[in-house]
Each structure stands twice: as C-alpha cells, then as structure tokens.
Amino acid sequence: MSDGKQDREAIYDQIREVKDGGKLVHLATASLDGKPNIVPMRFARHAAPDVLVIADMYFCKTRVNLKENPKLALSVAFPDRKSLPVTLHGRGQLAEKGTCGCLGEYWKNWKSWGEDNPPTEVPEGFSPPNPSCRAVLVIDVDEVRSSDADDFGEEVAAHEFPRHRQTQEVV
Amino acid sequence: MSFPATDRLKRWYESHEVHFAIVGEDDEVQIGIAQRVRFIGDDRLAVEVPAGVWKALSDHIGEGRWIALHPGELGAVKAPYQLKGIIAIEQDRNTITGWFPESDTPVAILVELRELYITKPGPEAGQRVDAWSVEELTEFERELGWLKEENL
C-alpha cells in the first residue's frame, strides 16, 4: 500500500485458512443492552472485497445479538495469532433460506461449504458431530486493527468500500 | 456466590492468552487480548490489561459493565468455555503485582463472574452451565472426553 499499510485483501486471504483447519477466529457480538458474547468460529472465509462470511453452524446468542446490534469484531485465536495479529471490525447480516437480493446470493454460494469441507484435525470430543450450515453471516469489514501489544488498536490496512454495500445500493 | 470453575477450566484459562469482548457507550464491540489471567477463588478472575490494550480500549472498559472472555491459542479449540461477568478496574500497583508478579502492567480488570457457557460446536453449543456445581460440570467434562490425558 502506498502509505505503508498492509493490503486488506491479503489479510482476508489468510483468514480463508480457517476453513481448511488452520486459523480459528473469535467472533464478538453484543446485545443492545451492552452485554457482549465471544465465541470461537472455524468456518470463516474471504468472500468478496472487504467482505467475510462465517457459517452459522451453531449460532445461539450470536444470532440474537445480530438482530439487535449488527456491530461485531473478530480476532484470530488459533493456531498462531502472531502470524496474523489483527482484529477486524464491521457489521454483520445473516443470509439464510428465503433471503433475497445480494444477501441471498451469499446464501446460495456458501450454504453447503460446511458439508463440503468438514474440519479434519479437530481433537476427538471437540469436532462438530454433523456440520450443517443454517445461515451465512455476511460481514462488511470497516476496519482492520493491530492486535500486537505495541500498537494495539492501530489501523493496519487501508479502507476500501465493501462491495456488498455497493451491490446493495444498486439493488 | 458459588461458581463452577473446574480445575480444567482454570488451568486452560491461566495457561493461555485470553480474548475478551467489551461494549462501549456507542454499542461498538471491541476485542482485547490479555496475556495472563488469574482466578481469585472460584468466582473472580483477574485479567492483566497490557498498556497498549488499555491505551486503545480504556474508553470502552467501564466499571460495572459486562465483559465476555474466551481462551485463545489452543484453548480456543480445547477449552470451549465462555465466561461473562462484571468489570471492576484495578490500578493499585501492589494488588496487581500480587496477581501478576511477572508483569509491569499498570491496569488489571477484576471480573466478578456471573455466567458460564459451553462453546463446543454441536448440541452443547451455547449451553449455560453456571448454575451447575463443580462436580456436575466435571462429570460433563468427563462425558465429553475432556478429561482424557490429551485434552487435559
């Protein structure tokens, strides 16, 4: 990048490794009354410029929270945060059966990726017994910040306008 | 108040970095990362807040507000326990040193633990278990195979 910041798309591509049994992210959401929720997620992927998707395999409180407050944050948790020391901040919407327009396209494109690519390296007793995607969380990433101790919270990648929002405006 | 913090839960939390979520006045969700946490008894958790994290998030870490925590690193896979509680900010040097003698952090959060959820993918996902006894949660861990040597 011209200002020395990292390329956001390159960062997202590393997130893609989540699906293949590599990195695992924490997804943080919150209810409207300010109660946070943070859960590990394995099925996350870079779907479009500044757009990530996460499979809703077992969302509980996350689903409720997103209805109240679409703001969310992600951090890389495993196996090595230091290889991708970032937190991502944005807004999420759920795409599921019956969802129309641009969001519906995300559901159509991503609804079966859990069955197609189940995690293989998860220890016994920790793997999903029958991965099935109930919805797709579509995340417009607004900011990518450092999670390094020295410059925690500093923006590390230049902003690009999410294609998902552009498409929505057209729709 | 009793809280079912099992030996396994404590061990995984205290031996890995911990990711925590907080919510500011503007409803923005923030994630912080603590290198160290220590259980103070069964129902309170001291969380080291590195100086850089405090600088970035101090406006969002409010006394009396909720915080949610989950182990990072391998703990994100093998220790699927989410804790939630209420924040008290601690800035007394002697108190912090007592909790984290190896750290020079200026701030720590003392969390009064209120809720505990299982985050294991599958039918157990999202199950709230803080009303259980330690013995009940330990038995649950045994049934899931978490007390096998490779998962301890």
Exercise for review: List every residue pair whose Cβ atoms sit under 7 Å apart, with the two residues 6 or more apart in sequence or on different chains, where the first one lies in region A:54-73 and is free of Cβ contacts under 8 Å to residues at least 24 places away in the same chain and the second, anywhere, is part of a loop (DSSP other than H, G, I, E, B).
Suggested key: A:Cys60/B:Ala125; A:Cys60/B:Gly126
**Study point:** Residue satisfying all of: in region A:129-161; surrounded by 20 or more Cβ atoms within 10 Å (Cβ to Cβ) and modelled with pLDDT under 80; nearest to B:Glu28 (Cα to Cα) among these
**Key:** A:Ala157
Check your understanding: B:Leu9 fails exactly one of the following numbered conditions: (1) within 24 Å of B:Ser133 (Cβ to Cβ); (2) of a type outside the set (Val, Ile, Thr); (3) free of Cβ contacts under 8 Å to residues at least 40 places away in the same chain. What is the number of that condition?
Key -> (3)
Study note, to complete from the structure: Taking region B:26-59 and keeping residues part of a loop (DSSP other than H, G, I, E, B) and more than 10 Å from every other protein chain (Cβ to nearest Cβ) leaves B:Arg36, B:Gly41, B:Asp42, B:Asp43, B:Ser58, B:Asp59
Review point. Which one of these does B:Ala51 not meet: (1) surrounded by fewer than 19 Cβ atoms within 10 Å (Cβ to Cβ); (2) free of Cβ contacts under 8 Å to residues at least 40 places away in the same chain?
Key: (2)
Check your understanding: Under the condition of being more than 15 Å from B:Phe20 (Cα to Cα), surrounded by 19 or more Cβ atoms within 10 Å (Cβ to Cβ) and among the small types (Gly, Ala, Ser), which residue from region A:65-95 is farthest from the other protein chains (Cβ to nearest Cβ)?
Key -> A:Ala95
Check your understanding: Taking region B:62-83 as the search range and keeping residues that are surrounded by fewer than 22 Cβ atoms within 10 Å (Cβ to Cβ) and closer than 19 Å to B:Arg114 by Cβ, which one is farthest from the other protein chains (Cβ to nearest Cβ)?
Key -> B:Glu63
Study note, to complete from the structure: The correct count of residues that are buried (at least 23 other Cβ atoms within 10 Å of the Cβ), facing another protein chain (nearest Cβ under 7 Å) and farther than 10 Å from A:Glu68 by Cβ in region A:30-46 is 5
Exercise for review: Can you tell me which residue within region B:111-131, out of those that are modelled with pLDDT of 95 or more and surrounded by fewer than 18 Cβ atoms within 10 Å (Cβ to Cβ), is farthest from the other protein chains (Cβ to nearest Cβ)?
Suggested key: B:Ala131
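The values are calculated or read from the model by the stated rules, or taken from the named source; none is laboratory data. Keep in mind the model is a prediction, meaning the values are calculated, not measured. With ideal geometry, Cβ positions are generated from the backbone for all residues, glycine too; neighbour counts draw on all protein chains shown.
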